[in-house]
1. What pairs come up if the first residue lies in segment 221-232 and is closer than 13 Å to residue 256 by Cα and without any contact (Cβ under 8 Å) to a residue 40 or more places away in the chain, the second is crowded, with 23+ Cβ neighbours inside 10 Å and aromatic (Phe, Trp, Tyr), and their beta carbons are under 6 Å apart, counting only those six or more places apart or on different chains?
2. What is the residue count in segment 49-85 for residues that are crowded, with 24+ Cβ neighbours inside 10 Å, without any contact (Cβ under 8 Å) to a residue 60 or more places away in the chain and outside any helix (DSSP H, G or I)?
3. Do we have residue 293 as more than 16 Å from the ligand (Cβ to nearest atom), touching a Lys or Arg at 6+ places or on another chain (Cβ under 9 Å) and not acidic (Asp, Glu) here?
4. Of everything in segment 270-317, what is in contact with a strand residue (DSSP E or B) (Cβ under 8 Å, 6 or more places away or on another chain), assigned to a helix (DSSP H, G or I) and under 22 Å from residue 37 (Cα atoms)? Give them in sequence order.
5. Anything in segment 280-289 that is surrounded by fewer than 16 Cβ atoms within 10 Å (Cβ to Cβ) and either at pLDDT 95 or above or within 12 Å of the ligand (Cβ to nearest atom) (or both)? List them, or say none.
6. One residue is enough: does segment 99-110 have a residue meeting the conditions of a type in the set (A, V, I, L, M, F, W, C) and within 13 Å of the ligand (Cβ to nearest atom)?
7. Could you check how many residues of segment 34-48 are touching a residue at least 24 places away in the same chain (Cβ under 8 Å) and either among the hydroxyl-bearing types (Ser, Thr, Tyr) or outside any helix (DSSP H, G or I) (or both)?
8. Hey, can you tell me all the residues within segment 250-275 that are more than 24 Å from residue 60 (Cβ to Cβ) and surrounded by 19 or more Cβ atoms within 10 Å (Cβ to Cβ)?
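The values are calculated or read from the model by the stated rules, or taken from the named source; none is laboratory data. Since the structure is predicted, the reported quantities are computational estimates derived from the model, not experimental observations. Because the Cβ atoms are built from the backbone with ideal geometry, glycine has one as well, and the counts that use them run over all protein chains shown.
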Amino acid sequence: MRCSPSALKNEAQRLYQRLNKLGWTLDDCELIAPTTLEIKQLKTEQHAVILAHSYQTPDIMYGVGDFIGDSYSLSVTATTHPAQKIIFCSDYFMGETAKLLNPDKEVLVPRVAGCSLADSITGEQVRAPRKKYPHAGIVCYVNSYAEVKAESDASCTSSNVVEVVEAMPQQEIVFIPDKLMGLNLRTMTSKKIIIWDGICVVHEGFGEETVRDIRRRFPGVKILAHPECAPGVVALVDYAGGTSGMLNYVRASAAAIFMLVTECGLTDRFKAEFPDKQIVGTCILCPYMKKIQLVDVLQALRNPAPEQYIKIPDDIADRAQASLQRMFELEQEGKTLVKRGAGEAVS
Ligand code: 13P
């Protein structure tokens, strides 16, 4: 696409306003301006909307994303937004969730990116615990493929997992596929939780000693962790919740120093959106989420490959939709059972 020098200059300035808090220079912004301009033009021509998970890179989140959010809020946005074409910048399973909730819309992912949790279980494998624990309910975390959702009684996300599990009619719950979140649910809920062996490669990387060290070195620090972290880590923090819950906690907090025990995209959001607050400690990059680059978003709009379109066979889609529908119902019932602390309003 040919752009006038003034359009490119204005675009670079727009990007710089958004990205300079994250250390981007005007030169950096000038380099990506032709790409972001073309993405914006194609998006407008195609009446598409770009959804970016909080673990995406800043140029995607702030350069071209129409909405940034967690897995829950982006699924809701996919449903409420009028656009018939959705470019979902995230792992494949999130694109699948958007497609399940919006079967008549076109949903594309810029890259087919896996997820260590989603890749740890197949639909077929869910049948073994179903047989072994016939009285248990099966709840699957959203980080799972449609075929796994289809075999589960209900789905959940990090933002409603406690409510969903509490509201399940069974006392015994098989929680798949996140082992560490399952272990956390043993203390966060009143249910007997049977776990699976999946882990998130980002969150299992954080250890208790790192958290203790930050606590010692920064008096007054507030430490926030994703419930995909080990229970020993979660026990040491001030708040455990999903990515939006963490941002909401920071927004509402008068504290000046924070540590976010999660993926680096969220720390980028923190730096961009709370420049007056200090962030300490380290973060870990998700090798799956970070596979997606700006040029992939452009390519998905310019010349999409067949594998970028989310397609789900009808027999799987029907049952997976039912599992997501059950999530929305149980979430509402669970709200009357669970008293939550700060955080997790959907942004
Ligand atoms: P959220 O639902 O909090 O966005 O988390 C999704 C995820 O993949 C965390 O690793």
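1. 222/258
2. 2
3. Working: more than 16 Å from the ligand (Cβ to nearest atom): yes; touching a Lys or Arg at 6+ places or on another chain (Cβ under 9 Å): yes; not acidic (Asp, Glu): yes.
Against the criterion (more than 16 Å from the ligand (Cβ to nearest atom), touching a Lys or Arg at 6+ places or on another chain (Cβ under 9 Å) and not acidic (Asp, Glu)), residue 293 qualifies.
4. Listed by number, the residues that qualify are 297, 300, 301, 308.
5. Here is the first cut: in segment 280-289, the residues surrounded by fewer than 16 Cβ atoms within 10 Å (Cβ to Cβ) are 280, 282, 285, 287.
If the condition is that a residue be surrounded by fewer than 16 Cβ atoms within 10 Å (Cβ to Cβ) and either at pLDDT 95 or above or within 12 Å of the ligand (Cβ to nearest atom) (or both), then 280, 285, 287 are the ones that fit.
6. Keep residues of segment 99-110 that are of a type in the set (A, V, I, L, M, F, W, C), which gives 100-101, 107-109.
Next cut, within 13 Å of the ligand (Cβ to nearest atom) only: none.
The answer is no, given that none of the residues of segment 99-110 is of a type in the set (A, V, I, L, M, F, W, C) and within 13 Å of the ligand (Cβ to nearest atom).
7. Start the filter on segment 34-48 by keeping residues that are touching a residue at least 24 places away in the same chain (Cβ under 8 Å), which leaves 34-43, 46-48.
Now restrict to residues that are either among the hydroxyl-bearing types (Ser, Thr, Tyr) or outside any helix (DSSP H, G or I) (or both): 35-36, 46-48.
Residues flagged as touching a residue at least 24 places away in the same chain (Cβ under 8 Å) and either among the hydroxyl-bearing types (Ser, Thr, Tyr) or outside any helix (DSSP H, G or I) (or both) within segment 34-48 amount to 5.
8. Matches in segment 250-275: 259 only.
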